[in-house]
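Please treat every number below as a calculation from the coordinates, not as lab data. These numbers come from a predicted model, not from an experiment. Note that each Cβ is placed from the backbone with ideal geometry, even for glycine, and that neighbours are counted across all protein chains shown.
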Amino acid sequence: MSDFGSTGGDVYTLPIETDGDPIDLTPMMRGSAAALAWGCDGRLTARLLAAGQTEIVDIVPGRAPQITHVLWSGPESLAFDNLTACPSASSAVVHESFTAPPEIEVGRIGRWRNLTSANAGMHLAARVESLSWPSDDFEVQGWLLLPEHSAGKMPMITVVHGGPAAAVMPSFSGPGLISELLARGYAVFRPNPRGSYGQGERFAMANIRDFGHGDLRDILAGIDAAAKSAPIDVTRLGITGGSYGGFMTMWAVTQTDRFKAAVAAAGISDWLSYTGENGIGAWMLPYFGASAYDDPAVYAQSSAVNFIRNVHTPSFAYVGERDIECPAPQTQEFWHALRALGVPTSIMIYPGEGHGLRDPDHIADALNRTLSWFDRYLKSNEP
């Protein structure tokens, strides 16, 4: 993974008083543990992301791997510093969902009550559906967000998460791109393609030496699933994302014409030049299996610039001037190639910004440019 704090995987114990080997307590688990806490009676409590659901489970350490039972499960995100599974004990957690902002709740697990109402009155106007669909030999999960009130077929924007190892969880985004898209009548699709957390280690490792290929198949199959679930106008599809999502946006438009508009934030267009430009290159070796100098072919097969003549999708790209994780020249390469080929394109490099915009004026500008780009190419033919 490339992002600090983005964690998920199997649960291991390690004996610290002997020279024993680590023990995987959850092999083949169809989920990813993101937080651990010791409880009473030797219990180990874990917070899992499992196919879109957050779960709190009991695990008994030992050589017989087992999850004893699920203590709680729901379409919310939970955060806690310490959680105990003792039957009579109370706990405190922060909970949120796509539509409800964070609040602190207290009580026994699964019987919490809100302690705070600091964000009372905030709400995302959306109908939320968890979707699952087959892709190759995987069952993939994602989220479909629809405007609370809509009539007729809607244009849809696919928003690809960063990472690459991460996942879209049911958390509150507040004012910004998602809420503005919904308010303008767009459906929003947020997939968790292979390489994401939440479906086990085999799924999380399935994009190794295959960046952009299987994960794009997952996303395209998910768009078909969304169109079966809701009145989506498949002739008016857009795609966007930042970091890994920016790479996937640049890559997707070289592989398919299904998207009629694209906005890439801090993307990666050429893995070979990226190798010589970025400041976090160690993360690439586990994914590509070798350096770009030892195995350039595996990098070339996932570089958008090598397929750039396939692009017909109008594409806007932006990045921070001082981004060391996805450096600005990657965005410049993408934009320059599209301009040379006569594809509608635009670029914005925000001065003084790093990986992710911080200046409120820059954030507002990028949002306005993104919305205007999608409106221009996805709504101009509306009756």
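Footprinting exposure proxy ranking of Ile239, Ile104, Ile59, fewest other C-beta atoms within 10 angstrom first, gives Ile104, Ile59, Ile239. Taking every DSSP helix (H) stretch of at least 4 residues in the chain, weighting each as -39,500 (n - 2.57) and dividing the sum by the residue count yields a mean residue ellipticity at 222 nm of -6500 deg cm²/dmol. Close amide H pairs (under 5 Å, H built 1.01 Å from N) link Ala35 with Arg47, residues at least 5 positions away or on another chain. Of interest is the spacing of the C-alpha centroids, which for region 173-194 and region 251-322 amounts to 24 Å.
Scalar couplings 3J(HN,Hα) for region 261-277, obtained by applying the Karplus form with A = 6.51, B = -1.76, C = 1.60 to θ = phi - 60°, are 7, 9, 9, 9, 9, 6, x, 10, 10, 8, 5, 5, 5, 4, 4, x, 10 Hz; x denotes Gly and Pro. Residue exposure proxy: Glu201, Glu353, ordered by other Cβ atoms within 10 angstrom of their Cβ from fewest to most, comes out as Glu201, Glu353. Ordering Met154, Met248, Met29, Met122 from the fewest to the most neighbouring beta carbons within 10 Å gives Met122, Met154, Met29, Met248.
Per q in 0.07, 0.08, 0.11 1/Å, what log10 I(q)/I(0) does a Debye calculation on the alpha-carbon atoms of region 126-378 return? So the normalised log intensities are -0.21, -0.28, -0.54.
A Förster distance of 25 Å, applied to the separation of the beta-carbon atoms of Leu285 and Thr256, puts the FRET efficiency at 0.30.
By average Cβ neighbour count within 10 Å, what is the ranking of 343-350, 329-336 from highest down?
Values: 343-350: 17.5, 329-336: 22.4.
Packing proxy ranking, top to bottom: 329-336, 343-350.
The H on the amide N of Arg127, modeled in the peptide plane, is under 5 Å from the matching H of Leu146, Glu148, each at least 5 residues off or on a different chain. Measuring max minus min along each principal axis, the C-alpha atoms of region 174-304 give extents of 48, 30, 29 Å (largest first). For Arg184 and Asp365, the difference between the fully extended length at 0.36 nm per residue and the C-alpha to C-alpha distance is 63.4 nm.
Geometric descriptor of region 186-251, per residue, is 96 Å³ (volume of the convex hull of the Cα atoms).
Once you place label points 7 Å from the Cα toward the Cβ at Met122 and Ala100, how far apart are they in nm? A separation of 1.5 nm, rounded to one decimal place. Of the residues His213, His355, Ala92, the one whose Cα sits farthest toward the positive end of the charge dipole of the chain, with +1 on the Cβ of Lys and Arg and -1 on the Cβ of Asp and Glu, is His213. For region 284-370, taking Cα atoms only, Rg and Dmax work out to 15.0, 43 Å respectively. The simple spin-label model puts a point 7 Å past each Cα toward its Cβ; for Lys153 and Arg108 those points are separated by 5.3 nm.
Using 0.36 nm per residue, how much length does the chain from Ser132 to Arg339 gain when fully extended, once their Cα-Cα distance is taken away?
70.8 nm
A straight Cα-to-Cα reach below 14 Å connects Lys228 with the aspartates and glutamates Glu129, residues fewer than 8 places away in its own chain not being considered. For the chain, the relative contact order works out to 12 percent when only alpha carbon pairs closer than 8 Å and six or more residues apart are counted.
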